[in-house]
Every structure is written in structure tokens, then in C-alpha cells.
1. Any chance the range 290-309 includes a residue that's touching a strand residue (DSSP E or B) at 6+ places or on another chain (Cβ under 9 Å), modelled with pLDDT of 90 or more, surrounded by fewer than 19 Cβ atoms within 10 Å (Cβ to Cβ) and part of a loop (DSSP other than H, G, I, E, B)?
2. Just give me the residues in the range 269-289 being surrounded by fewer than 16 Cβ atoms within 10 Å (Cβ to Cβ) and farther than 16 Å from residue 386 by Cα, in sequence order.
3. Tally the residues that are in a loop (DSSP other than H, G, I, E, B) and at pLDDT 95 or above, restricting the search to the range 60-92.
4. For the range 214-253, enumerate the residues that are in contact with a strand residue (DSSP E or B) (Cβ under 6 Å, 6 or more places away or on another chain), under 19 Å from residue 12 (Cα atoms) and in contact (Cβ under 8 Å) with a residue 60 or more places away in the chain.
5. Restricting to the range 1-59, count the residues that are over 25 Å from residue 177 (Cα atoms), in the same structural domain as residue 134 (by TED's automatic domain parsing) and either assigned to a helix (DSSP H, G or I) or free of Cβ contacts under 8 Å to residues at least 12 places away in the same chain (or both).
6. Which condition does residue 268 not pass, out of (1) within 21 Å of residue 353 (Cβ to Cβ); (2) in contact with a helix residue (DSSP H, G or I) (Cβ under 6 Å, 6 or more places away or on another chain), if it passes all the others?
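The values are calculated or read from the model by the stated rules, or taken from the named source; none is laboratory data. The structure presented is a predicted model; accordingly, all values stated were derived computationally and were not measured. Ideal geometry is used to build each Cβ from the backbone, glycine not excepted, and the neighbour counts take in all protein chains shown.
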């Protein structure tokens, strides 16, 4: 789950990490009222969407008076914004963050994430932060400093100091960085997060460090432990179909192709998409119905797949282990009838009672084509799409 910047900064503050004063607003009047509560004569108006790169897209403006605060808020609120991180998708701007303006001397970068290669929580830091950190990583990898944390020992102060001095900070700034990294590590571990990114972590003209922007992703698998995080979810920033899928505990990701996929098991689902691509097709989605492929779950899965008018065929690839293939076949037949599926459905079943399941599908009288294996199913799905074209 992703979080807005104002939510991320609230979590930072809860863990002792200093952030500039900011107030979220959902109307131009609220924006002006917020600015009046923030000292100074310079305010930052920041569009709140689940993506970085807002500055380049016009979502970050400096206001020198209350009229400009209202003007920029009015320009942003109620509109949609796409950045280089949204893959062309425009996200709605329902709120803006009004923050106090700061004088920046230098921008740094700091993040903490789970590094699967080293199987550890890892800090990544650079003295060359800002909006183009990806370019820095590609062109100047020596400017990126990495710290893998031992799970038993945890983060140690000397490790923070090593990172700070490697980034060229002075003693005072290293002390501030140590406090920030310690707070981030505690936040990361206690809230079961997947990513925390500070970009920029700035050096102000006063010489102090300040967290000017923050991005947080949490681990959805740990949501049951953190209702306070779930309460922060903004479904308007998410794909509507994926939100609906989550209500039925279906793992669904929208893609750009025309062959709908319904599979049980994430690994098998990924293999299914690969085989479709190898046979010249393009998957319309990733959909894992899980181990319990019941009629109810299969029915909802069909509805999700067919919510896209791009889908020209559906490839169902189910391994019947815990649930017998004949029961799965009955569920597929019932779901196809209930949803009134109009596109070709290719079904590959494997596992317990597979022959009985195939026989049920063959004799259903519906436009369901049994497949012998995953490759046969992918070929038939691709052929069905070409025929429909």
C-alpha cells in the first residue's frame, strides 16, 4: 500500500524525525487557512498523489503570498496528474500539502528497503539527491552508498556515522543523520514497511538536515497487524479493478494485453503470462485466485477480467491439488453461465480427477475449449484472439 506525502511525514514525526511544518488542504480556502498557520512568507503547495516526479509535472509550486497559495491550490485540486512514475496513468489530485518554504543548500538522498539479493533491510544513500536520483545511480554508481543491516544486531550508530561521513557531512550533520536513520529503521521494522524514501533529504542554508519529501510503501501481507495504516488507504489513487479484486482476496494486476488470465498460484500465473508471450500473445492481467478456486471466487474473477473491453479470450490455467479438478470444472461452468461470458474460454486443468474435469468442460455445451497443457492452452488462446480480430 502506498501513502501520500502528508501521511508519510506524520509517520516520520511520530518516530522523532523532524519534518517542516505542513497542513493538508482539500480546497483553496483550506489552503489559505493552512498557510496562515505556518510561519514565514514563503509556502510550498504540493499536489498529493501516489507518485514521485510531481515537481517536473507542475505539482509543486512556491507561493509568496496567500493569493498565490489559493491560485496554485485551485489549479491543482480536482484535476489529474501523470508523472514519469505513473506509466501514463493520470491520478486524481484531491488534496494539497501546504508546507513552510525552506532555503536549500544541497539535496541528499536516503532510502530503506528490503534487499532480496542480500536478504536484509538495506539503506541506500547518496550526496547527490533530488528528482534525478535514478540517473545518478545509472551514471555515477560510485555516488551511491549501500548499508545492509544484520537482522540480529540491528542498525548500529557507527554504521550511520560511516554513511554520513561517506556523504561528506560534517560532525553535526552526521549526528542528525544518525537520528534520522535510527528513526527510519524503527519505523520500517515496527510498521512492516516495504520502502521508505527521502528525496530530498536536504541540507538547509542553516546547515541542518531536513526531510522535505517522503515516500512510504507498506507490505500488504502485514496489513492485518496495522489497522492504523489501512485507515490511511486512498483507493482513488489505485486501479479500480485492483481495488475490487482486493475485496474478494484476489491478487489482480491490470496489464495492457487482450488475453485474460485466471490462474491459481502466483508462480503458475507468471509462467502462464510468459508462455502466452512466447506464443505471440499479450496477457491482459495477472490474476491469482489462490488455492480455493470455488465457483464464487471464479465467478468474481471472470467479472474482473471482463471488466476490460480489451479482453478477446480468457485462458484459465488451474492446478487441482487441494480442490479436485471436477469441482473446479463445475465452478468454471457455473461461472461462465452466470456471468454470460461472450469471449472464448480456454481451460487447462491438471491434478486430481483431471479427466473427469475435462469431460465436464467438453460436455458443457458452452464455448469452453479444454487444453492438454500450458503451452497448448496458450496457443489456443492466441489463436482465438487472432480469429476474433
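1. no
2. If the condition is that a residue be surrounded by fewer than 16 Cβ atoms within 10 Å (Cβ to Cβ) and farther than 16 Å from residue 386 by Cα, then 270, 271, 274 are the ones that fit.
3. Here is the first cut: in the range 60-92, the residues in a loop (DSSP other than H, G, I, E, B) are 64-65, 77-79, 82-90.
Among the residues that remain, those that are also at pLDDT 95 or above are: 64-65, 77-79.
Residues meeting the conditions: 5.
4. Filtering the range 214-253 for residues in contact with a strand residue (DSSP E or B) (Cβ under 6 Å, 6 or more places away or on another chain) gives 214-219, 229, 236-237, 239, 241-242, 245, 251-253.
This time we only want the ones that are under 19 Å from residue 12 (Cα atoms), so: 214-219, 229.
Those that are in contact with a strand residue (DSSP E or B) (Cβ under 6 Å, 6 or more places away or on another chain), under 19 Å from residue 12 (Cα atoms) and in contact (Cβ under 8 Å) with a residue 60 or more places away in the chain: 214, 215, 216, 217, 218, 229.
5. 0
6. All conditions pass for residue 268, except number (2).
Matching residues to (1) surrounded by fewer than 21 Cβ atoms within 10 Å (Cβ to Cβ); (2) in contact with a strand residue (DSSP E or B) (Cβ under 9 Å, 6 or more places away or on another chain):
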site	(1), (2)
4	no, yes
8	no, yes
20	yes, yes
27	yes, no
40	yes, yes
51	yes, yes
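Residue-by-condition table, conditions (1) more than 30 Å from residue 65 (Cα to Cα); (2) surrounded by fewer than 20 Cβ atoms within 10 Å (Cβ to Cβ):
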| site | (1), (2) |
| --- | --- |
| 96 | no, no |
| 121 | yes, no |
| 134 | yes, yes |
| 152 | yes, yes |
| 156 | yes, yes |
| 161 | yes, yes |
| 164 | yes, no |
| 184 | yes, no |
